[in-house]
Structure formats: C-alpha cells, structure tokens
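Beneath this line is the structure, given in structure tokens, with notes to follow.
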Amino acid sequence: MTSPAIPLARAGATKQRKRQAPKGRRVIPQAFAEVEELIGPPPWRHDLLIEYLHRINDRYRQLGAPHMAALAKLLGLAQTEVYEVATFYHHFDVVKENQDGSLPTPAALTVRVCDGLSCEMAGAKQLLEKLPALLGREVRVIPAPCVGRCEQAPVAVVHQKPVPSATVASVKAEVEAGNRHDNPRGHIDYQAYLAQGGYSLLRDCMERRRDLESVLKTMEDSGLRGLGGAGFPTGRKWRIVRAEAAPRLMAVNIDEGEPGTFKDRVYLERDPHRFIEGMLIAAWAVGISAIYIYLRDEYHGCRALLEAELAKLQDNPPAPLPKIELRRGAGAYICGEESAMIESIEGKRGMPRLRPPYVAQVGLFGRPTLEHNFETLYWVRELLERGAPWFASQGRNGRKGLRSFSVSGRVKNPGVKLAPAGITVRQLIDEFCGGMQPGHIFYGYLPGGASGGILPASLGDVPLDFDTLQPYGCFIGSAAVIVLSTQDTAKAAARNMMRFFEHESCGQCTPCRVGTAKANMLIAGDAWDKPLLAELSQVMRDASICGLGQAAPNPVDTVIKYFPNELS
C-alpha cells in the first residue's frame, strides 16, 4: 500500500513541533468566570446561544473575543460558531482587541436614530447630522433600521428608551435625564383580564365544553388568514400541523421588522393576554407541547411587559399550560421569515431554509411546527366568541373581514387603524386618519411596507386586501401603509427601501446579496438604466431563496412603471 504523500512544506523534516495547547484562542480564566456567572448554572443549552450573547453584551456593552471564547468552551462549541452568530446580528457590538490585547472602551451611551422611510420623511437626517456634536464624544449616535414606531416619526432610541416625535432638544433632554428604559403603561394586566372574562374560553376548550371540530370549523369559516404578510388560511394551517406526528411545537413571530409596520407592538402594549389566550387555544387545538415566542429586540418595553404577564399567568394558571419560552431577537429583519426565525430560536444565524420540507412538517428542532404572527393569534378569542359570520360580514368592495392597518407618513393622524378589508387608501386617509397633513397633497403610497411596492395617487381607489394588489405589481403584506405627498418623491422612497434591503440581506444567496447592492448602485443617480434594472429584478425574483430577495425589486419596478416623470 502506498504511503500518503508528504506535504512539500514538511518534506525532509525530521522533527515535528508538539502543540503546547489546543488549537485556537486560549480561554482566559477571568473571562470564563465572568461568563459563567452571567449565564447561570448548567445545563447550558446550544439553542440559548443568542440569549447568552445578549447577557454578555448587556453587561459589558460589547462582545470581545475573551468572552466569546469562554462562552464557546462552556457550550462545547467551536469558537467560530459563536463568532459567526454574534457577527450576524446588528445589535451585538463585536469588537476587536487593541494592539496591546486590551478591549476598546465602549461608548457610555448609544442613541439610535431610525432612518426608515417614515422617519426620514419626518426629519431623521437632520437629527443624525446635529446630534453627534451636541451630545459629545461619549455618546454614540448611529442610524438604525425601522424600530417599529412609524406613527411617532421621527424616533430616536436612547439605549432602550424610545423618544417619539424626536427633536434635538427632546433627545438631549432624555440623555441628560438618564432615562434609559422603556416602560409601557396602561395595558390590561392579568387580573384585569380575568375580571373581564379572560381565559374562560380557554377553559371551555380544555374542559371540553367546546369541541375541537367546532373550533377548527369556525376558524376556517371566518376566512382569517395569516396577518404577518403571507396570508395562509389559519384554520387550514391548524389542521395541517395537527395531522403531523407529535411532539408538535409552536413558534410565534413578533419580529415585526417590515418598515412601516407597528400593529403588533400597539396591540401587545394594550392587551397582551388577548394574544396569549389565542396562542394557548391554538396550542390546545393543534396539540402543541411547547411554545417559543420570538420578540424583536427593538421592543424592549414589550419584552419586560410580556415577561411580567407570563410570570403572573404561570404562577396562577387558569388551565394546564404547555412550556412557554420568550426569545429575544437581536436586530435582523430576515428573522421575520418563518424558517430564519426558527434558525434563530435554535441559536443560529437567521438564514432562511430551503423548502421543502416546510416548517409544518420539519420545523423547530426538527419537529412539526405551527408558526403564527402575533396579530393572527390576537383575533382567535374574538372570532370564537362572536362566530365566523361576524368576522366574514365585515369588509368593503366585495372583501371580507377586518384588517389592522399601520398608517404612517403624511397623514394628519397616523396609527393603527382597524378598518374593513377592501377599504381603499383614500377612504383610509379620509375616514380614519383625519385627511392629509396641512399643506400636503396625496401623491402616492406604499400599501405593504418596504417590500409591497409603491403606487400613485391615481390608483388610490384600489381595494386593500389580499390578492387585490397583485395585478398592479404590489401586495398588502402586513398592511403597512406609508402615505407620500407631493413634497416627496417615489424615487427617494425606493432608494430608502433598497438601502434597507441591502443592509438586511442575510447574504446566503447571491441574487439577493449582490442584487440589492447592485440595485442600490444603479438607482443612486438621476438616470436609471431601466433594461438592466429589469433584468436584475427578474433574476432576484426567480433565484432568491426567500421573500426578501424576491420582493426587494418591487419599489424600483413600481417607480419605473408608475412614476416615469421622476426618471425623465
């Protein structure tokens, strides 16, 4: 048998140097002790990697190599595995060591200024220009993608404290006052919810006063569809997952990252237990053994609220509960895609999975998984109490049901507007938003957030619902409506959206990673290469793995189609 070839670099070598330590960075005992104290006693779980990274980042305001190496050793992971996860998420401040081996001093305070479209229209650029000099060197001022408060534009976040309708003076005042944390008030707490008859429907289901088949049929007959954007029929999804082998799991998506969308946050701040009861009824109907709630990191106040209310529920449960875990996102829009969210819950980078298999068959931890948006579950109690005909009787222009529209931009009264499905944007502006802001004339609108496209005012009478906007190259998605006036341009809106997509692309597939960057470059100037943009758009739609890359061309394509005067 021929012996293996000797590498050229070692040919003729007579001695081999013995390795004195394991390959890779050595673990510093002090760093190891600090990490161990932060994450608590074993058992340590790989799927909690992101939670552990948050604890380190919160405590030290950054993630240095010594702490990441110590965490890798504790979890039995390669250091590269920890590093690749930490560097994937925007809210982890991964830093390099100085030449002497020390870590850089972190900023005493970080102020994030939202540069999403609604905030940009309201003056975010001016804030970003003026705040650094005013707040001084110890305060880091950085732009941030949409923080889910578009009705309060422009918004700055001082550490974890949002500053609505931010001005230079109001941000400076928050910094000087030392206010650092969000504290939503006025929500219906556990005892108040019980006093209003809360959880009686859940008990009726679990104690068989409501039979399973009637519950499933009501959900199907109501016509309720997923309200996170995809619009899959809710009752059918419950039946599909229930038919899979146990154990079955549930993943709840509150990673509300689509620019222009804030409805889930508003409902969560008002009535968290209505959502929780709907979630538990769905879990009962489908036979779920464990629930994982994924909440975006920008919603710091909501996380504290939800932690407190879940603790009250578990201390005095109205019925037997499945295991419930609340997971914290880390600033990645892509994790709103269901399979990317599942990867993140498992402690990995939020990379979308190739399908099939679908998450209903092989989802979280390899088990059949019921994945739902927050608002879909929020409506379950109301539907079952009022019945399918009540929900189906709502609507306009031949459409059925109700929609929660997140309306922002140039309207007088932005906010979450519960309106009939099929309402037009003109009706929404006039009847629910008090009309346009003074001095502003309706010019165009985004019917479905960043990825839903841009339509002109001449198409302001198209019914807003699932399936009604596709003929125009748009879709409603999560019903995030951003209204433009004649003081804005659709071209500038498309540039804002494409910058966002380039920033948020996970980089897994070339059509999206390269396509968003290339599109950004092509639309930077006044003259757009329309044939090349059309070719690029087609490739991105056909070859991208997930909806981000497939829908990213929508703003550019619709500007070319409906706003040619801006490109001449």
Residues within the range 100-132 that are in contact (Cβ under 8 Å) with a residue 12 or more places away in the chain, assigned to a helix (DSSP H, G or I) and touching a strand residue (DSSP E or B) at 6+ places or on another chain (Cβ under 9 Å), tallied: 9
Index of the failed condition, T261 passing every other in (1) among the hydroxyl-bearing types (S, T, Y); (2) open to solvent by 10 Å² or more (accessible area, probe 1.4 Å); (3) part of a loop (DSSP other than H, G, I, E, B): (2)
Unmet criterion (only one of (1) open to solvent by 20 Å² or more (accessible area, probe 1.4 Å); (2) within 27 Å of P447 (Cα to Cα); (3) of a type outside the set (A, V, I, L, M, F, W, C); (4) touching a strand residue (DSSP E or B) at 6+ places or on another chain (Cβ under 7 Å)) for R248: (2)
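I'd like to check something: does the range 166-175 contain any residue that is modelled with pLDDT of 95 or more, among the small types (G, A, S), open to solvent by 50 Å² or more (accessible area, probe 1.4 Å) and over 30 Å from D315 (Cα atoms)? Don't jump to the end; show me each part of the working.
Applying the first criterion (modelled with pLDDT of 95 or more) to the range 166-175 yields 166-175.
Within this subset, residues satisfying the condition of being among the small types (G, A, S) are 166, 169-170, 173.
Within this subset, residues satisfying the condition of being open to solvent by 50 Å² or more (accessible area, probe 1.4 Å) are 169, 173.
Narrowing the set further to residues that are over 30 Å from D315 (Cα atoms) leaves 169, 173.
Yes; the residues of the range 166-175 include at least one that is modelled with pLDDT of 95 or more, among the small types (G, A, S), open to solvent by 50 Å² or more (accessible area, probe 1.4 Å) and over 30 Å from D315 (Cα atoms).
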Single residue of the range 454-466 satisfying the filter (in contact (Cβ under 8 Å) with a residue 60 or more places away in the chain and more than 9 Å from Y562 (Cβ to Cβ)) that is surrounded by the most Cβ atoms within 10 Å (Cβ to Cβ): L464
Condition check for W379: within 30 Å of L194 (Cβ to Cβ) and either among the polar types (S, T, N, Q) or surrounded by fewer than 21 Cβ atoms within 10 Å (Cβ to Cβ) (or both): no
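Would you mind stating whether A124 is within 22 Å of R296 (Cβ to Cβ) and over 20 Å from the mean Cα position of the chain (by Cα)? Walk me through how you get there before you give the answer.
Values: within 22 Å of R296 (Cβ to Cβ): yes; over 20 Å from the mean Cα position of the chain (by Cα): yes.
Taking the combined requirement at face value, the residue satisfies it.
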Contacts under 6 angstrom Cβ, first residue in the range 199-213 being among the charged types (D, E, K, R), partner not in a loop (DSSP other than H, G, I, E, B), 6 or more apart: R210/D204
Failed item in (1) within 24 Å of the chain's Cα centre (by Cα); (2) closer than 22 Å to L533 by Cα; (3) at pLDDT 95 or above; (4) buried (at least 19 other Cβ atoms within 10 Å of the Cβ), with S451 passing the rest: (3)
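Matching residues to (1) polar (S, T, N, Q); (2) in contact with a helix residue (DSSP H, G or I) (Cβ under 7 Å, 6 or more places away or on another chain); (3) touching a residue at least 12 places away in the same chain (Cβ under 8 Å); (4) open to solvent by less than 10 Å² (accessible area, probe 1.4 Å):
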position: Q470; (1), (2), (3), (4): yes, no, no, no
position: I476; (1), (2), (3), (4): no, no, yes, yes
position: Q487; (1), (2), (3), (4): yes, no, yes, no
position: S505; (1), (2), (3), (4): yes, yes, yes, no
position: N520; (1), (2), (3), (4): yes, yes, yes, no
position: D557; (1), (2), (3), (4): no, yes, yes, no
Residue pairs meeting the criteria (Cβ under 6 Å; at least 6 apart or on separate chains; first more than 14 Å from L306 (Cα to Cα) and touching a residue at least 60 places away in the same chain (Cβ under 8 Å), in the range 170-192; second of a type in the set (D, E) and surrounded by 13 or more Cβ atoms within 10 Å (Cβ to Cβ)): none
Filter result for the condition that a residue is under 26 Å from V168 (Cα atoms) and among the small types (G, A, S), over A70, A124: A124
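Taking the stated definitions as given, is L249 closer than 26 Å to G547 by Cβ and either in contact (Cβ under 8 Å) with a residue 60 or more places away in the chain or among the polar types (S, T, N, Q) (or both)? Before the answer, list the steps.
Values: closer than 26 Å to G547 by Cβ: yes; either in contact (Cβ under 8 Å) with a residue 60 or more places away in the chain or among the polar types (S, T, N, Q) (or both): yes.
Spelling it out, L249 is indeed closer than 26 Å to G547 by Cβ and either in contact (Cβ under 8 Å) with a residue 60 or more places away in the chain or among the polar types (S, T, N, Q) (or both).
Taking the range 21-50 on its own, how many of its residues are open to solvent by less than 40 Å² (accessible area, probe 1.4 Å) and either touching a strand residue (DSSP E or B) at 6+ places or on another chain (Cβ under 7 Å) or hydrophobic (A, V, I, L, M, F, W, C) (or both)? Give the derivation first.
Step one: of the range 21-50, the residues open to solvent by less than 40 Å² (accessible area, probe 1.4 Å) are 21, 31, 35, 39-40, 47-50.
Filter again for either touching a strand residue (DSSP E or B) at 6+ places or on another chain (Cβ under 7 Å) or hydrophobic (A, V, I, L, M, F, W, C) (or both), leaving 21, 31, 35, 39, 48-50.
Here the count works out to 7.
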Selection from the range 206-217 of residues that are surrounded by fewer than 21 Cβ atoms within 10 Å (Cβ to Cβ) and either under 28 Å from A421 (Cβ atoms) or aromatic (F, W, Y) (or both): R210, L212, E213, S214, L216, K217
Residue check for K348: part of a loop (DSSP other than H, G, I, E, B), over 28 Å from A122 (Cα atoms), at pLDDT 95 or above and open to solvent by 60 Å² or more (accessible area, probe 1.4 Å): yes
Selection count where residues are open to solvent by 50 Å² or more (accessible area, probe 1.4 Å), part of a loop (DSSP other than H, G, I, E, B) and within 16 Å of A330 (Cβ to Cβ), scope the range 51-99: 3
Some residue of the range 229-236 being open to solvent by less than 10 Å² (accessible area, probe 1.4 Å), in contact with a Cys (Cβ under 8 Å, 6 or more places away or on another chain) and in a helix (DSSP H, G or I): no
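Restricting the range 133-144 to residues that are outside any strand (DSSP E or B) and open to solvent by less than 40 Å² (accessible area, probe 1.4 Å), which is modelled with the highest pLDDT? Break it down stepwise before answering.
Initially, the range 133-144 is screened for residues outside any strand (DSSP E or B), giving 133-138.
Within this subset, residues satisfying the condition of being open to solvent by less than 40 Å² (accessible area, probe 1.4 Å) are 135-136.
Values: L135: 96, G136: 92.
So the residue we want is L135.
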Residue that is modelled with pLDDT under 95, out of contact with any Ser or Thr (no Cβ under 8 Å at 6 or more places or on another chain) and surrounded by fewer than 16 Cβ atoms within 10 Å (Cβ to Cβ), where the choices are A107, A9: A9
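With the condition being over 26 Å from the mean Cα position of the chain (by Cα), I'd like the helices (runs of 4 or more DSSP H) fully within the range 507-568 carrying at least 1 qualifying residues.
Details: elements: 510-522, 530-543, 547-551, 554-562.
Output list reads 510-522, 530-543, 554-562.
The values are calculated or read from the model by the stated rules, or taken from the named source; none is laboratory data. Given the structure is predicted, the values throughout are model-derived calculations rather than measurements. When we count neighbours, we look across all protein chains shown, and the Cβ atoms used for this are built from the backbone with ideal geometry, even at glycine. With ligands, DNA and RNA removed, areas are computed over all heavy atoms of the protein, side chains included. Shrake-Rupley method; radii C 1.70, N 1.55, O 1.52, S 1.80 Å.
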